[in-house]
Amino acid sequence: MRFSFQTTVLFLSVLLLFSCSGKNRGAKEYLSQAGKAYQEGNYPLAKLKIDSIKILFPKSFDEINAGFTLMQEIRMAENRRNIVYCDSMLNEKYSELKEKLNLFDYVRDERYQEFGEYYPKAYPYHSSLSRNGLRSGVREKGILFIESILSGSHIKHNKIKITTDDGNFVETLPVTSDGLNYRFNTLDRAYEIVRYSGGSENGVAGFIYTFRDQPLTVQFIGNRTITVKMTDAAKKGVSDSFELSSLLLDIEQLKLEKEKSEALIRYLESRQQ
């Protein structure tokens, strides 16, 4: 069968029209699937379908624009859901915190401190200078610190090493900053106190928490090394501090995540106006 030129043109035009309408139907189908996933709360799938429209059907402008509008609704819904989750978790964490704080004394000097510090009752802060060892505390925002206290010896120690009987160990980084490494004298004794926090703490509290049921040795490292056994009370104090720090840091992170979601919702709402 022979086709005339006019017949061939007509055939190609119909084929092209069918092809375009087919592609448009594909874009509409992806958009419909995105809407269904959104309604079901499957936001990752909904966003994947919307992104696919732009890639697979770059000329389906109506569907692309509709997908953009739906994407804003998805982001709003995601952040509203995240706020609900954060509120739920914060309620649980605050209940846990209320119980945990019974194990601590809160100290704040209003003349110098904007935020206070929590000291474990298991190893009382006020009596910690009477023995060589470690004491710990937690700042109000969750930052943990450990202090090594050495009395009656001048070795200018600036770091410590904690060791188990079977050879596991961890050590702080050296601390040389004024205010974190200091020495003083009383009428009958000299003291060296070094505070480790953040990077310089180097996971010591977590190590003590992990091996809290085993004998632990503390080495004060300076011009020479002095070794003492860590008391059960000190291990309990550091372990309690570690748990409190983890809890407070979780709370601060949840508050931050909630604030970010609230800020994004405000931004999306402003674009709709």
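The values are calculated or read from the model by the stated rules, or taken from the named source; none is laboratory data. Note that this is a predicted model, so its numbers are computed, not measured. Glycine gets a Cβ as well: all are built from the backbone with ideal geometry, and neighbour counts include every protein chain shown. Ligands, DNA and RNA are stripped out before the accessible areas are found, and what is left, the full protein with its side chains, is counted by its heavy atoms. Shrake-Rupley method; radii C 1.70, N 1.55, O 1.52, S 1.80 Å.
For the chain, set up a GNM with springs between Cα atoms under 10 Å and report which of Thr231, Thr210, Thr172 has the largest fluctuation. Comparing Thr231, Thr210, Thr172 in a Gaussian network model of the chain, the most mobile one is Thr210.
Helical runs (DSSP H, four residues minimum) scored at -39500 (n - 2.57) apiece and divided by the length of the chain put the mean residue ellipticity at 222 nm at -18000 deg cm²/dmol. Here is the list for region 178-273: trypsin sites (Lys or Arg not before Pro) lying in DSSP coil, each with at most 13 other C-beta atoms within 10 angstrom of its C-beta, are Arg189, Arg224. Residues within the reach of a label modelled at Leu256 (point 7 angstrom out along Cα to beta-carbon, backbone nitrogen below 17 Å), restricted to region 82-110, are 83, 86-87, 90. Taking the chain as a Gaussian network of alpha-carbon nodes connected by springs under 10 Å, the highest mean-square fluctuation of the residues Asp213, Asp232, Asp109 belongs to Asp109.
Exposed loop sites here are chymotrypsin sites (Phe, Trp or Tyr not before Pro) assigned a DSSP state other than H, G, I, E or B and surrounded by at most 15 other beta carbons within 10 Å; excluding them, the longest clear run of the chain is 116-273. Only helices reaching 24 angstrom along their own axis (Cα) with mean Kyte-Doolittle hydropathy no lower than 0.0 count here, and for the DSSP H runs of the chain these are 5-39.
Normalised Debye scattering of region 164-273 at q = 0.10 Å⁻¹ gives log10 I(q)/I(0) of -0.48, counting only Cα atoms as equal scatterers and leaving out solvent.
Using the 1.4 Å probe convention, the accessible area of the chain works out to 60 Å² per residue with neighbouring protein chains retained.
The GluC sites (Glu not before Pro) of region 42-133 that DSSP puts in a loop, and whose beta carbon has at most 12 other beta carbons within 10 Å, are Glu110, Glu114. Inverting the pair-averaged 1/r between distinct Cα atoms of region 30-120 gives 16.8 Å as its Kirkwood hydrodynamic radius.
Of Lys121/Lys161; Lys235/Lys260; Lys98/Lys161; Lys36/Lys260; Lys59/Lys260, which sit over 29 Å apart, Cα to Cα?
Lys235/Lys260; Lys98/Lys161; Lys59/Lys260
Ligands, DNA and RNA left out, the 1.4 Å accessible surface of region 103-256 is 49% carbon and sulfur atoms. Once C-alpha pairs closer than 8 Å and six or more residues apart are averaged by separation and normalised to the residue number of region 103-256, the relative contact order reads 27 percent.
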